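Structure first, commentary second.
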Amino acid sequence: MDVTDFDDPESADAGPLDLTPRTPRSEQGSKSSKRGAAKAVPIVLGVLVLGAIAAVLVTQLAGAATYFYNVDDAVAQRSEIGDRRVRLQGNVIKGSEIGRTKDSVQGYLIAYNGVSVEVEQSGDVPDLFGPSIPVVIEGRFVGDVFKSDRVLVKHDETYDEANKDRVKEAERDAERNASSTTVPQP
Amino acid sequence: MLASTISNEWAYVGITWGATAAVIGGYAVMVLRRGRRLSRQVPEDQRRWM
Amino acid sequence: MPNTPLAATTDVAVAPVSTSSRGTRILGALTLVSATVTILYSFWFSKADVELGNTVRILYVHVPTVSIAYLCMLANAVFSGIYLWKRTAFSDLMASATGEIGVLLLGLTILAGMMWGRPTWGTYWEWGDPRLTSTLLLFLMYLGYVTVRNIPAPRSARNTRSAIIGIVSALLIYPVRMSTEWWGSLHQGRTISAPGASKIQGAQEFALYSGFFTFMFLAAWLVIHRFRVGWLADQAEAGQLESVIAERRAESAGDLGLGKVH
């Protein structure tokens, strides 16, 4: 009796190393998972915070200015825009291009919803750039002229097979021009 | 000039389809190999698929 | 397209030491047939686009991969939710498999998009564009998901963490999808919205739909294999742990002579 009484506190003193093998497996499992859960708390919190940041980002983006101004909106908000660097979206008016080479163009008119703006263009021009093509351009207003140094072609969501139906193609072109480039041609 | 635009166009198409096939193929091979390796470590009654 | 892995599957048809089964072999065959049809329609039966020329053929990969990636991510969120509720190994491993394959497909979508953007827009990537930026964010979230799954941790902690990340990440899908309409983007809007109102017809449309089926079969085939690998990995790990514990128990019981106490 005495011996065992002495023995027990001693083994406890020796620390957990002696005790671990005696612990039943099920108990050990629950202990480690509890510790795991405790460790997981800051990580879970971190993830929730990240999620919140993402949510805020998204809602802020929604409230903020859009990626580009359509030409008509830009003209309406001309004084507000000032000489800030902005993006404009519109269609290149047929026949308005000046000084077009393979990789460049000096100037053209861009229109959207019946409002047009004169553009002075520097920098490279994508292969698909051309009359009636929707583009997004980057630059600033200088007076009433938009000086752009970057032009990207915005392809729309319609597709058609080449040489399949010339009539359809012509119809589509006409439709496009009617909807966005109703400004009298210079 | 026409020839260069055509080959250029096909380069983008080729990279897209080629990379897609290679990435998916590589991933599939990796998964199948890992499955075979692990199968040897697990008793048969625990890997009876439907 | 995925010739090698499928060929490998049929090779081991008889061997029991693999993740293949009758079901995966049927799915594999369907994937191959569907892929063949898609390739034929993408390169042979459909003509070049009026404006885009041959680069339109990139979209037959781009659009189906993104759709199936979203589908995988939604499945991941559903299984993550089921896991948090029921705590079953099945839901955890299904979430893991769909998450990994979702991020793989989204990565391919981004690559295909860049390959299409260069000849069309005039740039591979446009920083600040709502669709592009939000898609990148979505990709990074799922990359985080896969990373967390591979960090050594107690299983229940690993499963819970990843389930929460999976659900949070899926909340991003809707804003990504709507970004072109909400904020305006260089990226075009939806081509296929309602039946009959599609802005694509004929062989071009067929190539797109065929692509959807191909990547759906492919994703299902991959998910099943990946699920089984995850299951095997967990079983192998549990087996190892058990034998280590048993070993240690036997050792210490012998050393201290306390084995009989309990």
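The values are calculated or read from the model by the stated rules, or taken from the named source; none is laboratory data. All figures in this text were calculated on a predicted structure; none of them were measured in a lab. Cβ atoms come from the backbone with ideal geometry, glycine included; neighbour counts cover every protein chain shown.
With respect to the conditions (1) outside any loop (DSSP other than H, G, I, E, B); (2) in contact with a strand residue (DSSP E or B) (Cβ under 8 Å, 6 or more places away or on another chain), residue C:142 lacks only one, and its number is (2). Region A:19-106 holds helices (runs of 4 or more DSSP H) entirely within its bounds, and those carrying 2 or more residues that are at pLDDT 70 or above and buried (at least 16 other Cβ atoms within 10 Å of the Cβ) map to A:25-63, A:71-76. Only residues that are part of a helix (DSSP H, G or I), touching a helix residue (DSSP H, G or I) at 6+ places or on another chain (Cβ under 8 Å) and among the hydrophobic types (A, V, I, L, M, F, W, C) were counted in region B:22-50, giving 7. Flag not set for residue C:84, criterion: more than 12 Å from every other protein chain (Cβ to nearest Cβ) and part of a helix (DSSP H, G or I). Within region C:235-262, residues that are within 27 Å of residue C:89 (Cα to Cα) have Cβ atoms under 8 Å from residues that are at pLDDT below 80 and not in a helix (DSSP H, G or I) in these pairs: C:235/B:47, counting only partners at least 6 apart in sequence or on another chain. State whether one or more residues within region C:142-155 are touching a Phe, Trp or Tyr at 6+ places or on another chain (Cβ under 9 Å), hydroxyl-bearing (Ser, Thr, Tyr) and crowded, with 18+ Cβ neighbours inside 10 Å. Looking through region C:142-155, none of the residues is touching a Phe, Trp or Tyr at 6+ places or on another chain (Cβ under 9 Å), hydroxyl-bearing (Ser, Thr, Tyr) and crowded, with 18+ Cβ neighbours inside 10 Å.
This table checks each residue for (1) in contact with a helix residue (DSSP H, G or I) (Cβ under 6 Å, 6 or more places away or on another chain); (2) at pLDDT 95 or above.
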| position | (1), (2) |
| --- | --- |
| C:22 | no, no |
| C:36 | no, yes |
| C:47 | no, no |
| C:53 | yes, no |
| C:100 | yes, yes |
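Selection of region C:118-136 for residues being within 26 Å of residue B:27 (Cα to Cα) and either in contact (Cβ under 8 Å) with a residue 40 or more places away in the chain or at the interface with chain A (Cβ under 7 Å from one of its Cβ atoms) (or both) yields C:132, C:134, C:135. The residues of region C:181-207 that are more than 9 Å from chain A (Cβ to nearest Cβ) and at pLDDT 85 or above, listed by number, are C:206, C:207.
With the structure loaded, tell me whether residue C:89 is over 18 Å from residue C:72 (Cβ atoms), of a type in the set (A, V, I, L, M) and at pLDDT below 90 or whether it fails that test. Criteria not met by residue C:89.
Scanning region A:112-140 for residues that are within 10 Å of chain C (Cβ to nearest Cβ) and of a type in the set (Phe, Trp, Tyr) yields one hit, A:129. Only one of the numbered conditions (1) modelled with pLDDT under 90; (2) surrounded by fewer than 20 Cβ atoms within 10 Å (Cβ to Cβ); (3) closer than 30 Å to residue C:29 by Cα is not met by residue C:213, and that is (1).
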